[in-house]
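Visitor: Questions regarding the structure given below will be posed in turn.
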Amino acid sequence: METRRDRQDPVGVLDSGIGGISTLQSMARLMPLERFIFYGDLANAPYGTKSTEEVTDCVRRVVRKLTEQRIKALVIACNTATGAAAAVLRRELDIPVVGMEPALKPASELRQDGKILVLATPLTLRQEKFERLMALYGRGAEKVPCPGLMELVEREDDDGAREYLEKLLLTRQDLDRVDAVVLGCTHYVFLKEMIRRMLPEHIAITEGNEGTARQLRRVLEREDLLNPEGPGQITFETSGSPASLEQMRRTFYERRT
Ligand code: DGL
């Protein structure tokens, strides 16, 4: 039976950890009157080195917690979880589900004749969904799995992240032939400035947060679910420790993207 949704109901947003908070920032900027409940599944992080089935199970558990709170829409603020579970969730849920994918399309539009490096978790890059995206926009694109990078973002280890990225990117002999770098994991968006400073100026950097925020607004408008009067509100929940809850709050209010 279909449940009646209300414009005042919250939007549920999930990720394995703080990465999705970069997406939440974009959504809250675009729709300041909305109520958002953000769930960071830290007890099960990282998702990107798990199997599709494991991630789908984790995401289902999170979704159950969010739907109990009568969310009017779900945003999977995680490329890995979208690839693993978005199709299943769209079949199972009677609310709109907005997912994310590596921003390869905009990168392909910016590409001259050179390469596109797609930085993402190992699972994202293995998924069928990503293969379909590659078939459409992947000319010149190379998969660059980044196991361990989300953990450095979670630990706010900027020195560790810089070292990781320098090894990954600056040791390449072909950087002059790279046109674009795709940040295909919401955690990496917090490293955008660092990567920008590291790379030659001609290389474009793309990520999906603004596009996801616009997509959510389109969907809410279409379903007549956009909250016209507020007040906006952000709530954080986690399967992790109370300290991680505090870290999520701080990340949202203090860490800029
Ligand atoms: N933030 C997630 C993404 O966009 C993945 C991080 C993880 O490995 O859990 O893919």
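Bear in mind these aren't lab numbers, they're just calculated from the coordinates by the rules spelled out. Since we're looking at a predicted model, the values are computed, not measured. Note that each Cβ is placed from the backbone with ideal geometry, even for glycine, and that neighbours are counted across all protein chains shown.
Visitor: Rank Glu156, Glu68, Glu101 by mean-square fluctuation in a GNM of the chain with C-alpha springs under 10 angstrom and give only the top-ranked residue.
Guide: For the chain, modelled as a Gaussian network with Cα springs under 10 Å, the answer is Glu68.
Visitor: Going toward the positive end of the dipole of the chain, with +1 on Lys and Arg Cβ and -1 on Asp and Glu Cβ, which of Thr235, Leu170, Pro96 do you reach last?
Guide: After comparing all options, I get Pro96.
Visitor: Once you've got the GNM for the chain with C-alpha springs shorter than 10 Å, pick whichever of Thr67, Thr171, Thr23 has the biggest mean-square fluctuation.
Guide: Of Thr67, Thr171, Thr23, the most mobile in the Gaussian network model is Thr171.
Visitor: Can I ask one more? Who wins for biggest fluctuation among Ile234, Ile37, Ile21 in a Gaussian network model of the chain, springs between alpha carbons below 10 Å?
Guide: Comparing Ile234, Ile37, Ile21 in a Gaussian network model of the chain, the most mobile one is Ile234.
Visitor: Angle between the Cα long axis of helix 209-222 and the longest principal axis of the chain, 0 to 90 degrees, nearest 10?
Guide: That helix lies at roughly 30 degrees to the long axis.
Visitor: Further question: Based on the Cβ-Cβ distance of Glu142 and Arg222, what FRET efficiency does E = 1/(1 + (r/R0)^6) give at R0 = 41 Å, to the nearest 0.05?
Guide: Details: r = 36 Å, r/R0 = 0.88.
Result of the calculation: an efficiency of 0.70.
Visitor: Moving on. Any idea which of Met198, Thr186, Gly148 is furthest toward the positive side of the dipole for the chain, if Lys and Arg beta-carbons carry +1 and Asp and Glu beta-carbons -1?
Guide: Thr186
Visitor: What net charge is computed for the residues neighbouring Asp113, neighbours being all others with C-beta under 11 Å from the C-beta of Asp113, Lys and Arg scored +1, Asp and Glu -1?
Guide: +3
Visitor: Further question: Between helix 19-30 and the chain, what is the angle of the helix's C-alpha long axis to the longest principal axis, kept within 0 to 90° and rounded to the nearest 10?
Guide: Tilt relative to the chain: about 70 degrees.
Visitor: Give the shape of segment 121-257 as rounded, prolate or oblate, defined through the alpha-carbon gyration tensor: a ≥ b ≥ c are the square roots of its eigenvalues, a/c under 1.5 means rounded, and otherwise the shape is prolate if a/b is larger than b/c and oblate if not. Walk me through the numbers before you get to the answer.
Guide: Numbers: a/c = 1.97, a/b = 1.32, b/c = 1.50.
Oblate shape, in that a/c is at least 1.5 and b/c is the bigger or equal ratio.
Visitor: Another one. Say each of Arg196 and Met134 gets a label point 7 Å from the Cα, pointing the same way as Cα to Cβ; how far apart are those two points in nm?
Guide: In this crude label model, Arg196 to Met134 measures out at 3.0 nm.
Visitor: Describe numerically, in nm with one decimal, the distance between label points set 7 Å from Cα along Cα→Cβ at Arg61 and at Asp159.
Guide: 3.5
Visitor: Please work out the Kirkwood hydrodynamic radius for segment 6-99, using every pair of different C-alpha atoms, and report it in angstroms with one decimal place.
Guide: Numbers: mean 1/r = 0.0762 Å⁻¹.
For segment 6-99, inverting the mean 1/r across all distinct Cα pairs yields 13.1 Å.
Visitor: If you don't mind, another one. Please give the helix 128-137 orientation as an angle from the longest Cα principal axis of the chain, in degrees from 0 to 90, rounded to the nearest 10.
Guide: Approximately 60 degrees, to the nearest 10.
Visitor: Fewest to most neighbouring Cβ within 10 Å: what's the order for Ser244, Ser51, Ser22, Ser239?
Guide: By the 10 Å Cβ count, ascending: Ser51, Ser239, Ser244, Ser22.
Visitor: Relative to the present Cα-Cα distance, how much length would full extension add between Glu246 and Gln173 at 0.36 nm per residue of separation?
Guide: Numbers: separation 73, 0.36 × 73 = 26.28 nm, distance 4.16 nm.
Result: 22.1 nm gained on full extension.
Visitor: Can you show me the helix-derived [θ] at 222 nm for the chain, built from DSSP H runs with n ≥ 4 at -39,500 (n - 2.57) apiece and divided by the number of residues, rounded to the nearest 500.
Guide: -13000 deg cm²/dmol, from helical runs alone.
Visitor: Would you mind computing the Rg to Rh ratio of the chain from its alpha-carbon coordinates, Kirkwood style for Rh?
Guide: Details: Rg = 17.7 Å, Rh = 18.4 Å.
Expressed as Rg/Rh, it is 0.96.
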